[in-house]
Amino acid sequence: MPASNPFVNRAGARPEIWAYGLRNPWRFSFDRATGDLWIGDVGQYIIEEIDVIGPRRSKGANFGWRRLEGSRPFSGSPPPQCGPPVHEYAHRNGRSAVIGGHVYRGTQILGLQGAYVYGDVCDGRIRALARAPGKPVRHRDLGLQLPGLVSFGEDRAGELYALSLAGGIFRLASVG
């Protein structure tokens, strides 16, 4: 283990752990422009969450699980210094298992630059989050649905792909 890991030489802790408090992270990625870590974390009964943390704050970060499901109390009081998810949604309208994606850094899809693209395995819809310093997170449905959606990928140019268990790998592209 690197000596810089936060739990190296801490009694009762596993030295390979960098951060904790995630229930079931289903895909995570680093934003190639900022180094931020984006995580799609599947909830237990009620809430799906997307977490993001910068490289400086990630060391030893606690994302809150088992005391919190998203920003909602689950078991006990919230842990100290646990920030809320950047986005969360309830198990409604056919949604119940977030799939983490990537921040779009390609050039082929106008208006998507810098947005985090993700989906939900149950409804197969692909969505995006956009955030800017000092402004609320903007969320939008991209109007794409892929049955069996299970993962995302990106190529060297920052273009995004979606993977379906129903068969196939699909490149996200602008229409028109």
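Values quoted throughout were computed directly from the atomic coordinates according to the rules given, and no laboratory measurement underlies them. Since the model is a prediction, treat every value here as computed from it, not as a measurement. For neighbour counting, all protein chains shown are included, and Cβ atoms are generated from backbone atoms with ideal geometry for every residue, glycine included.
What does the extension gain come out to for residue 9 and residue 164, with contour length at 0.36 nm per residue minus their alpha carbon separation?
Going from the current span to full extension adds 51.6 nm.
Using +1 on the beta carbon of Lys and Arg, -1 on that of Asp and Glu, and nothing else charged, what's the dipole of the chain about the Cα centre, debye to 20? Could the numbers behind the result be given before it?
Working: 22 positive and 15 negative charges, 79 e Å.
Here the chain has a charge dipole of around 380 debye.
Based on the alpha carbon coordinates of the chain, what radius of gyration and maximum Cα-Cα distance (Dmax) apply, in Å?
Calculated on Cα positions, Rg and Dmax stand at 16.8, 59 Å.
Test of understanding: ordering 107, 34 by Cβ neighbours within 10 Å, fewest first, what list do you get?
Ordered by Cβ neighbours within 10 Å, fewest first: 107, 34.
Applying 1/(1 + (r/R0)^6) with R0 = 30 Å to the Cβ-Cβ distance of residue 46 and residue 81, what FRET efficiency is obtained, to the nearest 0.05? Before the final figure, lay out each step's value.
Details: r = 23 Å, r/R0 = 0.78.
So, using R0 = 30 Å, E works out to roughly 0.80.
Going toward the positive end of the dipole of the chain, with +1 on Lys and Arg Cβ and -1 on Asp and Glu Cβ, which of 172, 109, 45 do you reach last?
In the chain, that residue is 45.
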